[in-house]
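Novice: Could you have a look at this structure, given as structure tokens, before my questions?
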Amino acid sequence: MAISKPIPLSDILVPERLRTVDEDHALAIQASIVEHGLLNPVTVRQTPNGKQGYSLVAGAHRYRAVELLDEKEIDAIVVKADADEAVLIEIEENLFRNDLSVMDRAVFVQTYRDVWEKTRGEIKKTGRPPKSSAKLALLSNSPVDLIAQEAENGFSEACADRLGVSRRAIYRLNAIAQNLPREVRQAISGTSIADNQSQLLKLAKLDPDKRAKAHVAIRESNGDFRAAIDLLEPPAKKPDPELQILSRLIDSWERAKPATRKKFLAHAELKAAPKGGTA
């Protein structure tokens, strides 16, 4: 059973987070705490064998906001959880939030899947239920039924319940998380790309060698997606129009009969050089 109590900040270890703490977000929470107090406690778990007695499970922005206020302790809910269960709790809490970027949500969903398989076994695909006109009519009127029909047993069903999205959307998020290296995700964080699913999917579909360099391109372009893609895939140079005309003239000349060539030379007011001589 979880208990709630104030805990000194110095007793709480803040491990590396799946979602980077946004300092501006923490400052906004700080202002809210000043006016209203801390409305939602952070979540921690006991780590008696560590240097600090507790580890933060969820609420990194709230923790940082209280830290900015120079407070010595914070209200916390203490849950019984090991390291893997703590990751699931962190993800489940964050997946309910509306301020997650597409990239953050993708990382959470993929990590949730990884931990699910680690703790509960490999996820195996099952067949879809047969379709019928009656079922299609039902699904067209009920998003809840659509989610229920599309979700599979295991991870997808559980995650769909928490996210309120279809299986297809979950797979798109997985594609983003699986194919974007950590360096790329860090470069994207805080840019408009992080919340643009189509741009994230395009990055995820790049050749592996280009994906490996994407973080450099994103930083060089200051988060401008189009400019970053141009650095990774430079657009082909436009051919010189005069060279194109010359190429077509040469091709026509090679295919033309002697009589036609003479007419062309006459039209251009040129004289053909005598065979074996000079002009």
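Novice: Going by the structure shown, is Ala175 within 21 Å of Ala106 (Cα to Cα), touching a Pro at 6+ places or on another chain (Cβ under 9 Å) and assigned to a helix (DSSP H, G or I)?
Specialist: Judged against the criteria, Ala175 is not a match.
Residues are listed down the side, and each one gets a yes or a no for (1) surrounded by 17 or more Cβ atoms within 10 Å (Cβ to Cβ); (2) within 18 Å of Ser101 (Cα to Cα); (3) modelled with pLDDT of 90 or more:
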{"residue": "Ala134", "(1), (2), (3)": "no, no, no"}
{"residue": "Asn153", "(1), (2), (3)": "no, no, no"}
{"residue": "Asp161", "(1), (2), (3)": "no, no, no"}
{"residue": "Ala175", "(1), (2), (3)": "no, yes, no"}
{"residue": "Glu220", "(1), (2), (3)": "no, no, yes"}
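Novice: Let me ask something else. If a residue must be under 24 Å from Arg172 (Cβ atoms) and outside any helix (DSSP H, G or I), how many such residues does the stretch 202-236 contain?
Specialist: 6
Novice: Return the residue satisfying two criteria in turn: it lies in the stretch 53-90 and is out of contact with any strand residue (DSSP E or B) (no Cβ under 9 Å at 6 or more places or on another chain) and open to solvent by less than 70 Å² (accessible area, probe 1.4 Å), and of such residues it is farthest from Asp11 (Cα to Cα).
Specialist: Among those residues, the one meeting the criterion is Leu88.
Novice: Okay, next question. Given the options Arg113, Arg120, Arg167, name the one that is open to solvent by 40 Å² or more (accessible area, probe 1.4 Å), at pLDDT below 85 and under 18 Å from the mean Cα position of the chain (by Cα). Steps first, answer last, please.
Specialist: Details: Arg120 fails: under 18 Å from the mean Cα position of the chain (by Cα); Arg167 fails: open to solvent by 40 Å² or more (accessible area, probe 1.4 Å).
Just a single option satisfies the conditions, and that option is Arg113.
Novice: What pairs can you find where one residue is in the stretch 25-45 and under 16 Å from Ser4 (Cα atoms), the other is among the hydroxyl-bearing types (Ser, Thr, Tyr) and assigned to a helix (DSSP H, G or I), and their Cβ atoms are less than 7 Å apart, with a gap of 6+ or different chains?
Specialist: As it stands, the answer is Val42/Tyr63, since those pairs meet every condition given.
Novice: Conditions first: (1) under 24 Å from Tyr112 (Cα atoms); (2) of a type outside the set (A, V, I, L, M); (3) part of a strand (DSSP E or B); (4) open to solvent by 40 Å² or more (accessible area, probe 1.4 Å). Pro6 passes all but one, so which condition is the exception?
Specialist: Among (1) under 24 Å from Tyr112 (Cα atoms); (2) of a type outside the set (A, V, I, L, M); (3) part of a strand (DSSP E or B); (4) open to solvent by 40 Å² or more (accessible area, probe 1.4 Å), Pro6 violates only (1).
Novice: Being in contact (Cβ under 8 Å) with a residue 40 or more places away in the chain, in a helix (DSSP H, G or I) and within 22 Å of Asn174 (Cβ to Cβ): is that true of Gln199 here?
Specialist: The answer is no for Gln199.
Novice: Name the one entry in Lys213, Lys271, Lys262 that is open to solvent by 70 Å² or more (accessible area, probe 1.4 Å), modelled with pLDDT of 90 or more and farther than 17 Å from Met103 by Cα.
Specialist: Being open to solvent by 70 Å² or more (accessible area, probe 1.4 Å), modelled with pLDDT of 90 or more and farther than 17 Å from Met103 by Cα holds for just one of Lys213, Lys271, Lys262, which is Lys213.
The values are calculated or read from the model by the stated rules, or taken from the named source; none is laboratory data. All figures in this text were calculated on a predicted structure; none of them were measured in a lab. Methodologically, a virtual Cβ is constructed for each residue, glycine included, from the backbone with ideal geometry; neighbour enumeration extends over all protein chains shown. These accessible areas exclude ligands, DNA and RNA; they are computed on the full protein's heavy atoms, side chains included. Shrake-Rupley method; radii C 1.70, N 1.55, O 1.52, S 1.80 Å.
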